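One structure below.
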Amino acid sequence: MHPELIKLELTFKPSILTKIDDPLLARYEIELWMKRDDLLHPIISGNKWRKLKYVLDHALSSGADTLISMGGAYSNHLHALAYAGKILGLKTAGFIRGERTETLTPTLTDMQNWGMELNFISRTDYRLLRQHKNYLDLPGLKPRQYWLPEGGAQALALTGVAELVDEIDISYDMLCVPCGTGATLAGMIAATPDQVSVMGFAALKNAGFLRNDVAALLPQPATHWRINLDYHFGGFAATTPELMAFIEGFETKTGVALEPVYTGKMMYALYDLITRHRFKPGRRIIAVHTGGLQGKRGFNI
Ligand SMILES: *Cc1c(COP(=O)(O)O)cnc(C)c1O
């Protein structure tokens with residue numbers, strides 16, 4: 001790995017496994033654990049580091065001086081990328097979905113302060129950008145510019161996600177993760193044996209397309225995975241009072257903070273499925289806390 005990246009990784013904290021101590025789970029005879037990737041780093045947190053690590057290494061070793069990517073106004077991916085670029089001495093630019101608002105979101109403000117060039121584009125143009133999935137694949141890309149598709153969803157992202165799986169040192173029946181682009185899920189599927197079921201929880205509405213996207217990212221076909229589409233709560237970043245109350249209650253009960261876009265929805269879903277007896281008693285489930293707590297600043301909780 002590139003020395004600058006090794007230096008950066010030395011500042012990271014370990015992602016521990018936490019057992020969720022909740023009498024309700026005991027009543028249903030389910031053991032629920034969390035893989036705390038949220039603890040890795042306050043900014044390049046969770047799955048964003050996992051997905052970026054080998055992409056950044058590739059960019060550095062191929063002599064890139066600028067990283068370019070895309071995301072929304074609360075994007076954890078762009079936020080992590082802007083920060084990593086600043087630390088690694090790389091220029092960064094982001095295509096932001098939607099018009100520039102007079103006051104920037106806290107996420108965008110950080111990105112600007114870290115030197116990222118912000119380019120606001122229409123929703124139509126944003127959709128068109130999505131089709132460029134390879135690092136050389138952006139029209140008009142100049143030498144030494146390196147393109148990362150939405151959410152950093154590219155083959156090298158899976159290599160980093162595999163490290164998350166390798167760190168788990170207990171046996172388990174099921175591995176769960178929230179899905180945006182599904183790249184983290186794909187990495188987990190590729191790194192787990194067939195006996196484990198891997199379950200993704202879509203954070204978006206009408207996310208059936210994810211099944212194809214995830215299958216396309218897999219290095220070889222696999223069948224030990226599913227995506228649950230039922231817990232989007234109205235759409236990406238949409239919330240309900242029930243979801244917010246669950247998140248607050250979970251934090252009070254366990255001391256683990258969740259955000260409402262990804263991990264909050266997944267944990268709500270798991271609790272709901274457990275109380276509906278959807279998992280066999282005796283199961284040990286590990287849910288990945290993918291971090292992203294910075295995005296919580298956009299919500300009034
Ligand atoms: C980006 C993000 C996800 C989604 O990851 P994908 O690999 O795009 O599916 C999940 N959780 C958090 C906290 C994120 O920031």
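Readers should treat all values here as calculations from the given coordinates under stated rules, not as data from a laboratory. In this text, all values refer to a predicted model and were calculated from it rather than measured experimentally. Methodologically, a virtual Cβ is constructed for each residue, glycine included, from the backbone with ideal geometry; neighbour enumeration extends over all protein chains shown.
Computed values, structure above
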{"read-out": "Rg(Cα)/(2.2 N^0.38 Å) for the range 241-301, N = residue count", "value": "1.17"}
{"read-out": "Dipole magnitude (debye, nearest 20) for the range 47-152, charges at Cβ of Lys, Arg, Asp, Glu", "value": "280 debye"}
{"read-out": "Sparse-neighbourhood loop sites, chymotrypsin sites (Phe, Trp or Tyr not before Pro) in the range 176-279 - DSSP loop, at most 13 other Cβ within 10 angstrom", "value": "none"}
{"read-out": "Percent of beta bridges antiparallel (DSSP, the chain, rounded to nearest 5)", "value": "10 percent"}
{"read-out": "Translational diffusion of the chain, µm² s⁻¹ [Kirkwood Rh, Cα pairs; Stokes-Einstein; 25 °C; 0.890 mPa s]", "value": "125 µm²/s"}
{"read-out": "Check: the range 185-301 dipole with +1 on Lys, Arg Cβ and -1 on Asp, Glu Cβ, in debye", "value": "220 debye"}
{"read-out": "The range 93-152 versus the range 70-87: alpha-carbon centroid distance in Å", "value": "9 Å"}
{"read-out": "The range 27-176: projected area of the alpha-carbon convex hull, averaged over directions, in nm²", "value": "11.2 nm²"}
{"read-out": "Helix-only [θ]222 nm of the chain, DSSP H runs n ≥ 4, -39500 (n - 2.57) each, per residue, nearest 500", "value": "-11000 deg cm²/dmol"}
{"read-out": "Mean Cα-pair separation over length for the range 69-187, i.e. relative contact order, pairs under 8 Å, 6 or more apart, %", "value": "23 percent"}
{"read-out": "Peptide ranges 155-163, 181-189 listed from the most packed, as the mean C-beta count within 10 angstrom indicates", "value": "181-189, 155-163"}
{"read-out": "Principal axis box of the range 109-235, alpha-carbon based, largest edge first, Å", "value": "45, 35, 30"}
{"read-out": "Normalised contact order of the range 146-228, rounded percent, pairs of Cα under 8 Å and 6 or more residues apart", "value": "31 percent"}
{"read-out": "Distance (nanometres) between label positions extended 7 Å along Cα→Cβ at SER62 and ALA238", "value": "3.8 nm"}
